[in-house]
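A.B. asks: Here you go, one structure.
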Amino acid sequence: MFLSPFRPVSSRTGSINSLKVICFQVRSNTSVTSLPKTPASKNGASQVETTKPGATMPSTFSSMPTGMLVRSLFISGISSNRYLLIPALRLLSFLSKPDRSYLFNVDRNIFLHSILKKTVYDQFCAGETLEETNACVQKFKKLGFKGFILTYAKEVVLDQKTKDASGLEEGVDIAIETKVSDKKDKYIENWRTGTLQTMDQVGQGDILAIKISGAGPSVTKDLANGKLPSAEMFAALDELASQAKTRGIRIIVDAESQHFQAAIAATALELMRKYNRGNEALIYNTYQAYLKSTPSVVQYHLSEAEKGGFTLGLKVVRGAYILSEQRSLIHDTKHDTDDAYNSIVQGALRRQYSGFGTAARPFPSLNLLVASHNRDSVLAAHRLHQDRVKAGLATVPVIYAQLHGMSDEVSFSLLRENGEDGSPPAVYKCSTWGTMGECVGYLLRRAVENRDAVLRTKDEFLALRKEMARRIRARIHF
């Protein structure tokens, strides 16, 4: 098999102490990919967002509820200021450690829980209960998003520096207590039940994201040894896939720590081989562009899709585990990661990548999910797709996703970009649900993963502030 074996690693990796360096250097390492040229008028001006003289462009955030606007303004005010962001990330890192005393336990300390719930949790997470989660899903659909991507926060993260695995403690209480026989793995059974309940919160056209490592010790042991999960775990995955197909819900297999990822990718490939028949993908695998090995993994999976006659579900992200991974596995610069990301996405949209898309080797069936907070990458992908559709050139079905509470300016801007039929592109918001303790670790990983987007929130902060001022003036008729 192409996937490389796992082996112990002893090299030094990033830690929370490196956040300051990462945050201060990110702008100097950022590469901006040019957007495709758009039609220009006779005087050469771009026609992307032109308006008639005297007309007022609607605010990107004009459809955002006021409560969400106030919270977003507060959060972006912190994240756009590096002197506030770095201490905030340090605090999240401190609170994410297990076995904290009552004073610093985010689930037990009511005062601390309340502060975090009304700020960062509600900004980035769907809910602690099934009822809160369902309400959040419906709220975003009413704002015009095509659908919702929901995941259960339970996972295991192995720190390659300390070899500590976090996430094996019990998860959130499930609504119906699972009765587990002695012959069944209680962790797998609880993961199965919790994931099915997560699926109940979304509907037709939505997407369920799953973290395989959340299924407990026996599963993570198999993954760490480079083995496919047990028959019991595959039975749970088959049940999820079958129910998702019946309900019109797609499934994303999330990327996780590299300690587990080769076996997770192999598992996702087996699921795609079984369920992605026809031209629509039921199962998507996640490909992290910050890893040097990802282009080769994509090439291998394309070849498997070609040989197996199935549709490859390709979700492309930059990467989420930079603080816990072996640094040598990751691209040396942000520029290299951007190049890898854009190459995979735009190659898929052109149906030409790594030798595929020629007369000798046709491009296999593929569905693309562009998951990014980088405005240039997202708009470049969307406009390339639109250009190819208008020109009658071959391309692939594509949807877009940003995390709940992050880069709302990118999400709402996409919703204003109409296609040939006058409808906006399919834009999704991705969120998680679970206890405060489980979600704090998730929030820290997302913040680090998207540190370039977080530090670029100055423009978003100014746009949010402008929209707030507009609403205040409208209220007092000033």
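Every read-out reported here was derived from the displayed coordinates using simple, explicitly stated rules and does not represent laboratory data. Everything quoted here is computed from the prediction, not taken from an experiment. With ideal geometry, Cβ positions are generated from the backbone for all residues, glycine too; neighbour counts draw on all protein chains shown.
A.B. asks: Mind checking the dipole of the range 127-433: about its Cα centre, +1 per Lys or Arg Cβ, -1 per Asp or Glu Cβ, Debye to the nearest 20? Walk me through the intermediate numbers first.
C.D. replies: Numbers: 36 positive and 37 negative charges, 183 e Å.
For the range 127-433, the charge dipole is close to 880 debye.
A.B. asks: Under 5 Å between amide hydrogens, which residues at least 5 positions from residue 366 or on another chain qualify, with H placed 1.01 Å from N in the peptide plane?
C.D. replies: Those qualifying (amide H under 5 Å, at least 5 residues apart or on another chain) are 312.
A.B. asks: In Å and on Cα atoms, what radius of gyration and Dmax does the range 183-274 show?
C.D. replies: In Å, with Rg to one decimal and Dmax whole: 12.6, 36.
A.B. asks: Which residues in the range 194-214 place their backbone N less than 20 Å from a point set 7 Å from the Cα of residue 239 along the Cα-to-Cβ direction?
C.D. replies: Once the point is set 7 Å along Cα→Cβ of residue 239, 194-203, 208-214 turn out to lie under 20 Å by backbone N, inside the range 194-214.
A.B. asks: For the range 127-433, what percent of Cα pairs sit more than 32 Å apart? Can you show the working numbers first?
C.D. replies: On the way: 11380 of 46971 pairs.
Of all Cα-Cα pairs in the range 127-433, 24 percent lie more than 32 Å apart.
A.B. asks: 5 Å is the cut-off here: which amide hydrogens, built 1.01 Å from N in the peptide plane, fall below it relative to residue 127, excluding neighbours closer than 5 in sequence?
C.D. replies: 434
A.B. asks: With point charges of +1 on the Cβ of Lys and Arg and -1 on the Cβ of Asp and Glu, referenced to the Cα centre of the range 127-433, which listed residue (127, 213, 380) lies farthest in the positive direction of the dipole?
C.D. replies: 380
A.B. asks: Taking the Cα-to-Cβ direction at residue 143 and at residue 230 and moving 7 Å from each Cα, how far apart do the two end points lie in nm?
C.D. replies: Here the modelled spin labels are 4.1 nm apart.
A.B. asks: While we're here: Between Rg and the Kirkwood Rh of the range 336-431, both from Cα atoms, what is the Rg to Rh ratio?
C.D. replies: In the range 336-431, Rg relative to Rh is 0.98.
A.B. asks: While we're on this one: Among 148, 233, 352, pick out the residue whose Cα is farthest towards the positive end of the charge dipole of the range 127-433, where Lys and Arg carry +1 and Asp and Glu carry -1 on C-beta, about the Cα centre.
C.D. replies: The one lying farthest along the dipole's positive direction is 352.
A.B. asks: Express in nm, to one decimal, how much length is gained between residue 110 and residue 59 on full extension, taking 0.36 nm for each residue of separation and deducting their alpha carbon distance. Write out the running numbers ahead of the final one.
C.D. replies: Values: separation 51, 0.36 × 51 = 18.36 nm, distance 3.77 nm.
Roughly 14.6 nm would be gained on extension.
A.B. asks: How high is the FRET efficiency between residue 99 and residue 468 when r is their beta carbon distance and R₀ equals 45 Å, given to the nearest 0.05?
C.D. replies: Working: r = 41 Å, r/R0 = 0.90.
Efficiency computed from Cβ-Cβ geometry: 0.65.
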